[in-house]
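Heads up, the thing below is written out as structure tokens.
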Amino acid sequence: MAAGYLEILRARHAARLLAGTLVGRLPNATAAIALVLFVRAEGGSYSLAGALAAVYGVANAVGQPVLGRLVDLHGQPRVQLPAAVLAALSMAVFALCGTDPLPLAYAAVAGAGLFAPPLEGGLRALWPSVLRREEQVHTAYAMDAVAQEVMFTVGPLLVTVCVSVWSERAALLVLNVVGVLGALSVVLSPPSRAWRSAPREAHWLGPLRSPGLLALLGAFLFVGVALGSITVASVPYADDHGGDAVYGWLMAALGLGALVGGSVYGARRWGGVPERRLRVLVALLALCYLPLMLMPGAVAMVLLTVVAGVFLAPSIACAFVIVDRHAPSGTVTEAFSWLVTTFTVGASVGTGLAGPVVEAGGALWGFAVPGAAGAVSLLVLLATERVLAVPARRAVVAASAENDPNRAVEPRFSSGDRA
């Protein structure tokens, strides 16, 4: 397993791109907890903290595909670095001015979310030009999914360290400065500077004109719902079985399961078409959510939560491959950004849906939501099987100043222009 990942990291620029992307995404990964801690330190309510975190999340969901399209049109350095600087400046305004006046606070947080650079989609667009073999790119996608789990585990710990050493305000400022440095490391790398999107046909829908991509996004909306609902359903369970410590263990167990699953998945070369493999992975994901409804003791529940997370990272890694297969030529960064946005929106919907369900039926019904959402995701994939079976045609269109300002072709594999 380690040999496959080491082979990827030994490739020229690969380690730098992965590390720079993870560091650059720290402000985004830690925004929710950093905002809540800062607002509470300023004397604000949890309602205000939650509202600001929601504004950040919505703005981020809107900004990712928009910035992704700009990256496809104008290249990575021209978009990623200015966006990172604007996002950091917006969060600095919020950190220095606080929650008063409130309209300025909302505007600053919205700006920070809107301008968060699409480094995640950008990295996936770069892998085919850094790794010359198709199976290496698939392994890199899995490694990317695993690295996300590490980042979302380590990120909150970094926030608490900054708060304990300095203050909540310093945590916001330091993490955003570090994020800019991460983005700078990526955009100054030769692969990022040399990357150009493939010539694209001008179309206002961009990658969303691909039926296969729309089907995938519809399925992953419900995967996001499943993940978001678990975070809420776990709260009343933890209240009855040990409090905050148990809740922390459950969330860590979910990440650990995804980490293990993604590591094993990426270490193997998979045959067959990824669309069929994704249906199997999502079916297993939904199936592993169901035992959570047993709600045993805390130790057993932590183990069940590990199992529940095992197929998440493999499903995401497989989805990356399918996105690249179905995204129309010249829209790959935007297409990856749409997957991020859809998953984020789904998680927010799941959080909002699980709240009333838990209030009405308790933790048992709350844990029924992820299983149901996983089943709906599988049904979407089954219903759109024919659509997903036909990857988008990527005929090279004539480049023009309108649809290919970079006047260059993105490096791709010769087989079907896809990873």
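The values are calculated or read from the model by the stated rules, or taken from the named source; none is laboratory data. Predicted, not measured: the structure shown is a model, and the values here were computed from it. Because the Cβ atoms are built from the backbone with ideal geometry, glycine has one as well, and the counts that use them run over all protein chains shown. The accessibility values were calculated without ligands, DNA or RNA, using every heavy atom of the protein model including side chains. Shrake-Rupley method; radii C 1.70, N 1.55, O 1.52, S 1.80 Å.
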In the range 161-174, the residues that are touching a helix residue (DSSP H, G or I) at 6+ places or on another chain (Cβ under 8 Å) and open to solvent by 10 Å² or more (accessible area, probe 1.4 Å): CYS162, VAL163, TRP166, SER167, GLU168, ARG169, ALA170, LEU173, VAL174
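Mind listing whichever residues of the range 240-256 are touching a residue at least 12 places away in the same chain (Cβ under 8 Å) and open to solvent by 70 Å² or more (accessible area, probe 1.4 Å)?
Passing the criteria: ASP240, HIS241, TRP249, LEU256.
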The range 26-72, subset charged (D, E, K, R) and within 21 Å of VAL180 (Cα to Cα), residue least open to solvent (accessible area, probe 1.4 Å): ASP72
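Taking the condition of being in contact (Cβ under 8 Å) with a residue 60 or more places away in the chain, over 21 Å from the mean Cα position of the chain (by Cα) and in a helix (DSSP H, G or I), how many residues in the range 161-176 meet it?
5
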Top-ranked residue in the range 257-267 [being touching a residue at least 60 places away in the same chain (Cβ under 8 Å) and surrounded by fewer than 20 Cβ atoms within 10 Å (Cβ to Cβ); ranked as farthest from PHE152 (Cα to Cα)]: ALA267
Residue list for the range 4-22, restricted to those being without any contact (Cβ under 8 Å) to a residue 24 or more places away in the chain and more than 24 Å from the chain's Cα centre (by Cα): ARG10
When residues of the range 275-303 are limited to those that are β-branched (Val, Ile, Thr) and without any contact (Cβ under 8 Å) to a residue 40 or more places away in the chain, the one surrounded by the fewest Cβ atoms within 10 Å (Cβ to Cβ): VAL299
Neighbours by Cβ (under 9 Å, 6+ apart or cross-chain): first from the range 207-223, under 11 Å from LEU278 (Cβ atoms); second open to solvent by 10 Å² or more (accessible area, probe 1.4 Å) and outside any helix (DSSP H, G or I): ALA215/THR384; LEU216/THR384; ALA219/THR384
Qualifying residue in the range 216-228 (condition: under 29 Å from LEU17 (Cβ atoms), touching a Lys or Arg at 6+ places or on another chain (Cβ under 6 Å) and either surrounded by 24 or more Cβ atoms within 10 Å (Cβ to Cβ) or at pLDDT below 85 (or both)): no
Near pairs, Cβ below 8 angstrom, 6+ apart or cross-chain, from the range 23-38 (touching a residue at least 24 places away in the same chain (Cβ under 8 Å) and over 18 Å from VAL85 (Cβ atoms)) to any residue that is assigned to a helix (DSSP H, G or I) and among the charged types (D, E, K, R): ALA34/GLU168; LEU37/GLU168; PHE38/GLU168; PHE38/ARG169
Only one of ALA61, ALA41, ALA32, ALA53 that is under 19 Å from ARG124 (Cβ atoms), at pLDDT below 95 and touching a helix residue (DSSP H, G or I) at 6+ places or on another chain (Cβ under 9 Å): ALA61
Cβ pairs under 6 Å, 6+ apart, first in the range 73-96 and on the phi > 0 side of the Ramachandran plot, second open to solvent by 10 Å² or more (accessible area, probe 1.4 Å) and not acidic (Asp, Glu): GLY75/ASN406
Identity of the residue in the range 192-208, surrounded by fewer than 19 Cβ atoms within 10 Å (Cβ to Cβ) and part of a helix (DSSP H, G or I), that ends up modelled with the lowest pLDDT: LEU208
Some residue of the range 76-89 being open to solvent by less than 60 Å² (accessible area, probe 1.4 Å) and at pLDDT below 95: no
